[in-house]
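K.L.:
One structure is given below, represented as structure tokens, and several questions about it will come after.
The values are calculated or read from the model by the stated rules, or taken from the named source; none is laboratory data. Computed from a predicted model, the values in this text were never measured in an experiment. Glycine also receives a Cβ, built like all others from the backbone with ideal geometry; neighbour counts cover every protein chain displayed.
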Amino acid sequence: MASIMKNLRDAIDKLKQIDVGRELGKLKDINVEDLKNISLSDLRDKADPMLLSVVGSVLLVGAGLYGLILPEWRSWGVNSQTLQQYRSEAEELPLLRATLKNLQKQQEEIGDGFDVVRNFVSAESIELFTSKFFSETSRRSNVRLLGVNPMRVGEPFTCIQPDQADLLFDESLSPDFPPDPDQMDEAAPPDELPSPEAPLVSDLSRVFKVNRFQLSLRGNYLNVMDYLRYLNQYQQTLSPVCLEVFSTPIPPSPDAVSGVGGNPEPRYVGEVNVKLIVDVPQREASEP
Amino acid sequence: MTPINFIPSDSDLLLWDKQDSVVFGTSEGNASSGSWLQQRYWIPWAVAGLTVAITWIFPFLNNRSAVFQISNLEFEHSQFLQSTARIAAAEKEFDQQKADIRDFSALFTSAAPAYPFAFNLQRSIPSQVNLNSFVLDSSDFNLCAFGPDYESLEDLIDLLKAMPVVDPNSVRFMNMAYDPSALGSSSSCQSLSPLQPVSTFLKGSFLAKTPSDLEDLYSAASDYGQYNKLRLYNSLLKKIGGDN
């Protein structure tokens with residue numbers, strides 16, 4: 001810091017020593033007329049011609065470099081890059097054409113297969129012919145279709161209750177079903193009903209419009225199995241969501257109870273009551 | 001035009017004369033002698049001109065050649081652009097198609113395995129055991145069965161664990177008793193038959209299923225309707241590189 005201050009002080013001292021008057025006196029030696037009458041030819045005569053020539057040629061090179069050479073090199077660089085790109089594109093073109101052809105062929109082939117799979121889900125409104133699936137299948141499998149009722153999407157229903165040990169047929173879910181006289185004669189329905197109802201969200205509803213139906217069936221267990229199998233034979237997919245099967249114990253006959261003959265215990269073999277909830281997916285315009 | 005000199009002729013003041021001036025007075029001594037060409041002042045100009053010409057003509061010619069070749073390759077270039085655009089569009093469409101196909105797997109995997117379970121259950125019930133009821137959805141099942149003794153119901157559990165669709169680690173019984181009410185259970189799974197006094201309530205889960213697993217499952221259960229659908233779908237999945 002001290003050295004900087006010292007230098008500054010020295011510089012100020014030097015400035016003070018300058019004799020301004022003497023310096024201005026030097027201007028008196030310049031003749032104003034000399035400056036007024038200077039012309040270019042005078043300068044040429046005064047300057048060294050070889051020096052002028054060298055300076056001029058250097059200027060020429062500079063101007064040429066700036067005005068002609070550099071733009072041309074720059075343009076050549078750009079064009080040679082473009083040319084290289086076009087050449088590589090021309091070389092790649094047959095490969096690209098083959099790739100495109102292959103892609104289109106593959107797409108077409110998969111598209112044909114997908115058309116078949118796509119038809120597993122109807123695009124048309126299916127309410128009209130859905131009951132036909134269920135009634136025809138019941139005739140074919142010799143199972144009685146006690147009732148079908150459509151369920152609203154998101155309507156809660158019970159299937160498996162995680163915290164309950166009951167396996168009860170939830171009668172509250174099929175209020176529209178007509179009472180079955182055969183059932184009235186059989187064992188009394190359990191009086192404990194699963195209380196909580198949780199909506200069951202299907203993965204199908206993420207992809208398709210889902211039409212949900214609840215079916216009530218009765219029949220031989222093996223025939224019920226056939227019913228489930230025959231449902232899968234339609235082209236339209238009918239996707240089971242919940243299946244509840246209950247045997248209907250046949251109470252002993254009065255003769256058997258009184259000891260006249262036969263087995264006095266209730267028999268569990270025979271028909272089963274079934275509640276089946278089925279999702280019938282449907283394609284909408286925006287869906288695949 | 002004659003310049004007007006305001007200085008009187010008899011004045012002692014000297015008139016400015018260019019030849020006598022300090023600046024121009026000595027220029028005569030430096031004047032060139034001989035022709036400009038002889039003194040070779042043109043050489044720097046020529047060298048400069050040649051330098052400019054040579055350094056310009058090389059890129060110029062190459063540039064013209066490049067432009068000519070570029071114009072010849074314009075058609076290929078436009079074809080290339082068209083092809084790449086079409087490939088990009090086709091790939092996008094193909095990707096969408098693949099995504100749509102994969103979405104269809106929900107059609108099979110979200111369904112409850114009602115038929116295969118019922119089919120296999122029918123084959124897994126020991127002869128002395130009566131199945132009272134069962135419930136299943138897409139992931140779990142539970143069932144109530146009656147048997148003459150504990151052993152027969154334990155056999156049922158073992159057979160359930162061996163079922164192809166069932167996760168063996170998930171099968172467990174919630175109760176197994178002659179009289180469930182004695183255990184404080186409010187279960188309705190209680191036998192009314194004196195010949196099959198022991199009742200059990202079992203729970204379990206299904207194994208996670210891929211369409212390929214389901215194809216085997218439905219084939220083994222002789223459900224050829226669903227099997228054929230799965231076979232078609234799986235062959236399609238295979239063509240697009242699996243379900244990933």
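K.L.:
Taking only pairs six or more apart or across chains, which ones have beta-carbon atoms under 9 Å, a first residue in the range B:59-80 that is facing chain A (nearest Cβ under 8 Å), and a second residue that is among the basic types (Lys, Arg)?
P.N.:
Pairs found: B:59/A:74; B:69/A:87; B:73/A:87; B:76/A:87; B:79/A:97.
K.L.:
If residue A:79 passes every condition in (1) at the interface with another protein chain (Cβ under 9 Å from one of its Cβ atoms); (2) surrounded by fewer than 17 Cβ atoms within 10 Å (Cβ to Cβ) but one, which one does it miss?
P.N.:
(2)
K.L.:
If you go through the range A:113-155, how many residues are within 20 Å of residue B:226 (Cα to Cα) and among the acidic types (Asp, Glu)?
P.N.:
Number satisfying all stated conditions: 2.
K.L.:
Let me ask something else about it. Since residue B:145 meets every condition but one in (1) within 7 Å of chain A (Cβ to nearest Cβ); (2) touching a helix residue (DSSP H, G or I) at 6+ places or on another chain (Cβ under 7 Å); (3) crowded, with 17+ Cβ neighbours inside 10 Å, which condition does it not meet?
P.N.:
All conditions pass for residue B:145, except number (1).
K.L.:
To continue, here is another question. Given B:229, B:209, which one is within 18 Å of residue A:239 (Cβ to Cβ) and in contact with a helix residue (DSSP H, G or I) (Cβ under 6 Å, 6 or more places away or on another chain)?
P.N.:
B:209
K.L.:
Among the residues of the range B:91-105, are any β-branched (Val, Ile, Thr), in a helix (DSSP H, G or I), crowded, with 21+ Cβ neighbours inside 10 Å and at the interface with chain A (Cβ under 7 Å from one of its Cβ atoms)?
P.N.:
yes
K.L.:
Separate question: Which of (1) at pLDDT below 90; (2) out of contact with any Phe, Trp or Tyr (no Cβ under 6 Å at 6 or more places or on another chain); (3) within 8 Å of another protein chain (Cβ to nearest Cβ) is the odd one out, the single condition residue A:240 does not satisfy?
P.N.:
Against the list (1) at pLDDT below 90; (2) out of contact with any Phe, Trp or Tyr (no Cβ under 6 Å at 6 or more places or on another chain); (3) within 8 Å of another protein chain (Cβ to nearest Cβ), residue A:240 comes up short only on (1).
K.L.:
Within the range A:79-102, identify whether any single residue is among the hydrophobic types (A, V, I, L, M, F, W, C), over 30 Å from residue B:81 (Cβ atoms) and in contact with an Asp or Glu (Cβ under 9 Å, 6 or more places away or on another chain), and answer yes or no.
P.N.:
Within the range A:79-102, none of the residues are among the hydrophobic types (A, V, I, L, M, F, W, C), over 30 Å from residue B:81 (Cβ atoms) and in contact with an Asp or Glu (Cβ under 9 Å, 6 or more places away or on another chain).
K.L.:
Mind checking which residues of the range A:36-57 are within 7 Å of chain B (Cβ to nearest Cβ) and at pLDDT 85 or above?
P.N.:
A:53, A:54, A:56, A:57
K.L.:
Output yes when any residue across the range B:118-128 is facing chain A (nearest Cβ under 7 Å), within 30 Å of residue B:238 (Cβ to Cβ) and crowded, with 17+ Cβ neighbours inside 10 Å, and no when none is.
P.N.:
yes
K.L.:
Can I ask one more? Kindly establish whether residue A:92 is over 27 Å from residue B:76 (Cβ atoms) and charged (D, E, K, R).
P.N.:
So residue A:92 does not fit the description; no.
K.L.:
Checking the conditions here, which among A:23, A:91, A:33 is of a type outside the set (A, V, I, L, M), in a helix (DSSP H, G or I), free of Cβ contacts under 8 Å to residues at least 40 places away in the same chain and within 7 Å of chain B (Cβ to nearest Cβ)?
P.N.:
The match here is A:33.
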